[in-house]
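*Asks:* Got a structure for you, questions after.
The values are calculated or read from the model by the stated rules, or taken from the named source; none is laboratory data. Given the structure is predicted, the values throughout are model-derived calculations rather than measurements. Cβ sites come from the backbone with ideal geometry, for glycine too, and all protein chains shown count toward neighbours. For accessibility, only protein heavy atoms count, side chains too; no ligands or nucleic acids. Shrake-Rupley method; radii C 1.70, N 1.55, O 1.52, S 1.80 Å.
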2 protein chains.
Amino acid sequence: MSEVQMAAKRHAPEKEGDERHETIYRVVSDAIVEQRLKPGARLREDALAEVFNISRTGIRKILQRLALEQLVTLTPRRGASVTRPTAEEAKDVFDARQLIECGLMPDVARRIGEKEAAELRDMARQERQALRSGQQSIAIRLSADFHVRLAQLSGNATLAEFVERLCSRSSLILAVYGHRGHLGCESHDHDDLIGYLEAGNGERAKAFMSRHLKAIEASLSMVEGEDNVPDLQDIFGS
Amino acid sequence: MSEVQMAAKRHAPEKEGDERHETIYRVVSDAIVEQRLKPGARLREDALAEVFNISRTGIRKILQRLALEQLVTLTPRRGASVTRPTAEEAKDVFDARQLIECGLMPDVARRIGEKEAAELRDMARQERQALRSGQQSIAIRLSADFHVRLAQLSGNATLAEFVERLCSRSSLILAVYGHRGHLGCESHDHDDLIGYLEAGNGERAKAFMSRHLKAIEASLSMVEGEDNVPDLQDIFGS
DNA sequence: TAGGCTAATCATGTATACAATATTAAAGGC
DNA sequence: GCCTTTAATATTGTATACATGATTAGCCTA
């Protein structure tokens, strides 16, 4: 039984209509973000429909949403597959995170309270724990969740949603260009960040976030991978 | 014959498959951005399906995309309607534009060339012309197009896409909270902006864009409109 | 045996039929 | 006469059937 199937059985008992779709969406989305579904993996409609016990109609709706979020790539008449980000897309995503996430830090510093700081610390703790116990997939998602929660604290739902999409895509980027074992965020960075925010030092937090993101990006090795159809014309000249 | 119908006949002869959907998407999207379809307008699936001569299946796909872009609101079992942005959403959208569009100006100033500047000037010219000849709908869309094109020149496709969505939503916001006759962008602002960019003065352009966006936002009257279901309990006390 | 052609299989694109639910109109009671 | 209840209508939700186009396997030929 596949990971996705197990996740389906775990998460989707008998909910009604929309709940069901939302649940399935999240299960698939999580599987991608957690890198259990790797870039390039094909997502056949029939297969998914059978796993989740709904018709292809519902699956298509979910695949379309994932495609608009650029987690899956929809090729006409060829179906869906987990997106394999290009080097250029990777650069765009991290530049976008620099601009948006750093820009939000002052707002977050202004609005954060005791309760929110505690919640963030708990998330950071869970993340470290997942790392220690070797659950890398879980750690990756928790790390993304942390960045998203942070953005939500800014109070701007629109920008938080953008950050959510950027973090999901970052996970894909790490899967393709990251080194094994290294999952981006350093273990204690997030805790340090919470400290600056709680102290109300927005500018310091902003600078720290900038270094944090640069560090992640620097840890990538930007070689476009294996299955890019080798262009023989390029290789052998004319 | 409705505006949408005419647009459909004009734009959608016999293309094949995906082209067709893309065309229909754009026709509906444009109708919303140009405020020919006003916030709150219901979009019944059957009606759209008939207008565009496709089945509801295709229409649902398009409505879903529009919903994810927050141009239409999908209420379960109640169908689709053009989104009526709340005051809070309006604030979020303009704050997001401040952060992103202003942040992109230095990049744009660095990358803009003669050809690009000429293209932008042409767009600004078309916009003024539309305004002068009383085609407010067209002017609104051209104004949004200008901002989007600008963002594209930054070279960051991801951020450009975000700006695209923000501009579409801004059009909706103007439709709800804007004053009649005033369509946001001052006629010559865009030309001034091109000047700073062409001179390579990114910081100046950034500051100007900031003022430009603030001016638009300031021109709104943020009273939540008419059809918010009147809460009789509130009005008459208990 | 390698290359290319053909046929069979498989997957996606699209429409339609049917079921479930919301809206509207009508009728009846207070 | 107005409000409530009930039936009719209209609209969305879901599955399925069929058509179209890709992929693969097998076969034939050179």
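*Asks:* Could you check how many residues of segment A:99-122 are in contact (Cβ under 8 Å) with a residue 60 or more places away in the chain and either basic (K, R) or within 14 Å of another protein chain (Cβ to nearest Cβ) (or both)?
*Replies:* 10
*Asks:* Also, I was wondering about something else. Could you tell me which residue of segment A:54-89 is most open to solvent (accessible area, probe 1.4 Å), considering only residues that are more than 10 Å from chain B (Cβ to nearest Cβ) and in contact (Cβ under 8 Å) with a residue 60 or more places away in the chain?
*Replies:* The qualifying residue most open to solvent (accessible area, probe 1.4 Å) is A:R84.
*Asks:* Identify, from the list A:R110, A:R97, A:R65, A:R60, the residue that is more than 23 Å from B:G58 (Cβ to Cβ), out of contact with any helix residue (DSSP H, G or I) (no Cβ under 6 Å at 6 or more places or on another chain) and modelled with pLDDT of 95 or more.
*Replies:* Working: A:R97 fails: out of contact with any helix residue (DSSP H, G or I) (no Cβ under 6 Å at 6 or more places or on another chain); A:R65 fails: more than 23 Å from B:G58 (Cβ to Cβ); A:R60 fails: more than 23 Å from B:G58 (Cβ to Cβ).
Just one listed residue meets the conditions, A:R110.
*Asks:* Yes or no: segment B:101-124 includes at least one residue that is β-branched (V, I, T) and assigned to a helix (DSSP H, G or I). Outline the logic, then answer.
*Replies:* Within segment B:101-124, the subset β-branched (V, I, T) is B:108, B:112.
With the extra rule that they be assigned to a helix (DSSP H, G or I), the set shrinks to B:108.
Yes, segment B:101-124 contains at least one residue that is β-branched (V, I, T) and assigned to a helix (DSSP H, G or I).
*Asks:* If the requirement is being of a type in the set (D, E, K, R) and more than 16 Å from DNA strand C (Cβ to nearest atom), which of these qualifies: A:D92, A:D18? Steps first, answer last, please.
*Replies:* Working: A:D18 fails: more than 16 Å from DNA strand C (Cβ to nearest atom).
Matching residue, one of A:D92, A:D18: A:D92.
*Asks:* Sticking with this structure for a sec: Answer with yes or no whether B:A96 is away from chain A (no Cβ under 13 Å), among the hydrophobic types (A, V, I, L, M, F, W, C), on the phi < 0 side of the Ramachandran plot and more than 16 Å from DNA strand D (Cβ to nearest atom). Step through it out loud before you land on a result.
*Replies:* On the way: away from chain A (no Cβ under 13 Å): no; among the hydrophobic types (A, V, I, L, M, F, W, C): yes; on the phi < 0 side of the Ramachandran plot: yes; more than 16 Å from DNA strand D (Cβ to nearest atom): yes.
The answer is no for B:A96.
*Asks:* Of the residues that make up segment A:145-156, is at least one free of Cβ contacts under 8 Å to residues at least 60 places away in the same chain, surrounded by fewer than 20 Cβ atoms within 10 Å (Cβ to Cβ), out of contact with any helix residue (DSSP H, G or I) (no Cβ under 8 Å at 6 or more places or on another chain) and in a helix (DSSP H, G or I)?
*Replies:* There is no residue in segment A:145-156 that is free of Cβ contacts under 8 Å to residues at least 60 places away in the same chain, surrounded by fewer than 20 Cβ atoms within 10 Å (Cβ to Cβ), out of contact with any helix residue (DSSP H, G or I) (no Cβ under 8 Å at 6 or more places or on another chain) and in a helix (DSSP H, G or I).
*Asks:* Right, another one. Residues in segment B:43-70 that are more than 11 Å from B:I24 (Cβ to Cβ) and more than 9 Å from DNA strand C (Cβ to nearest atom): how many?
*Replies:* So the first thing to find is which residues in segment B:43-70 are more than 11 Å from B:I24 (Cβ to Cβ), and the list is B:43-47, B:50, B:55-57, B:60, B:64, B:67-70.
Narrowing further to those that are more than 9 Å from DNA strand C (Cβ to nearest atom): B:43-47, B:50, B:64, B:67-70.
Selection size over segment B:43-70: 11.
*Asks:* Same structure, new question: Pull out all pairs, ordered by first then second residue, where Cβ-Cβ is under 7 Å, the residues are six or more apart or on different chains, the first lies in segment A:157-181 and is within 15 Å of A:L220 (Cβ to Cβ) and of a type in the set (D, E, K, R), and the second is open to solvent by 20 Å² or more (accessible area, probe 1.4 Å) and at pLDDT 95 or above.
*Replies:* A:R169/A:Q70
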